[in-house]
Amino acid sequence: MAIQVIIADDHAVVRDGIKAIIEHKDKDIKVTGEASDGKELLELAKAKPADVYIVDISMPVLNGVEATRRLLKAEPKSRVIMLSMHDDSMSVEKSLKAGARGFIVKASNSDEILQAIHEVCAGRFYLCAKVSKYVVQGFLGQTSSTIETSRVELTPKEREILQLIAEGYSSKEIAQEFGLSLNTVHVHRNNIMRKLDIHKQADLIRYALKEGITHL
């Protein structure tokens, strides 16, 4: 039976490119769904689960890291490959800590993409050549300041709301997006600012960018 794959990326050209690679080079893999943001991915995964999910790390509304956390909480057996424009250590660390089993950059060649799907589906980990160096540098006990530094723990809902704040959504728009009252959104915003000890919108945006919660 073919490996069923769902691709989540906010750029249709990226989804089309990965789908074309799969359809032309590997008949043992089948793309069964596409999503343009993390929220759409979760809805699709619930309605029509796949074997492997290729997830863009920097999607709007709900980013790939948070979508991966939620996906794995709902279905722990899900296999996620994170897709990114960047090959920095922070993105790799956040992805693997969220539960992704693979990480590939958008510049990866077609063979790497196909190998990643097969490896992750088989229960193994796969890091493309551009980021595998971080296993040696960080995950095997060398230096990894981003893991060791103390950090504030925001709730999943607070991370979602912070992403939308950073992307320029108003409190009213955020309330409509999540079906919350305006007062509840204000409470979440105040809690975020209190936890982070941040009191300006610009500083919230900088924090969200620094932590990879959004990529503007």
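Taken together, the values in this text are just the output of simple stated rules run on the coordinates, not laboratory data. Note that the structure is predicted; figures quoted are calculated from it, not measured. Cβ placement follows ideal geometry from the backbone for every residue including glycine, while neighbour counts extend to all protein chains displayed.
Positive end of the dipole of the chain (Cβ unit charges, origin at the Cα centre): among L96, G38, L83, the Cα lying farthest that way belongs to L96. Using Cβ point charges alone (K and R +1, D and E -1), the dipole size of the chain about the Cα centre works out to roughly 500 debye. Annotation for segment 19-68: trypsin sites (Lys or Arg not before Pro) lying in DSSP loop with at most 12 further Cβ atoms inside 10 Å of their Cβ are K27.
What FRET efficiency comes out for the pair H86/A129, r = Cβ-Cβ distance, R0 = 22 Å, nearest 0.05? Once the sixth-power term is evaluated, E becomes 0.90.
The stretch between Q201 and K97, if pulled fully straight at 0.36 nm per residue, gains 34.7 nm over its current Cα-Cα span.
Computed from the Cβ-Cβ distance with R0 of 25 Å, the FRET efficiency linking A107 to L209 stands at 0.70.
Charge dipole (Cα centre; +1 on Lys/Arg Cβ, -1 on Asp/Glu Cβ; no other charges) of segment 1-98 amounts to roughly 440 debye.
For Cα extents along the principal axes in Å, the choices are (i) 51, 41, 28; (ii) 96, 36, 24; (iii) 56, 31, 30; which was calculated from the structure? Correct label, based on the coordinates given: (i).
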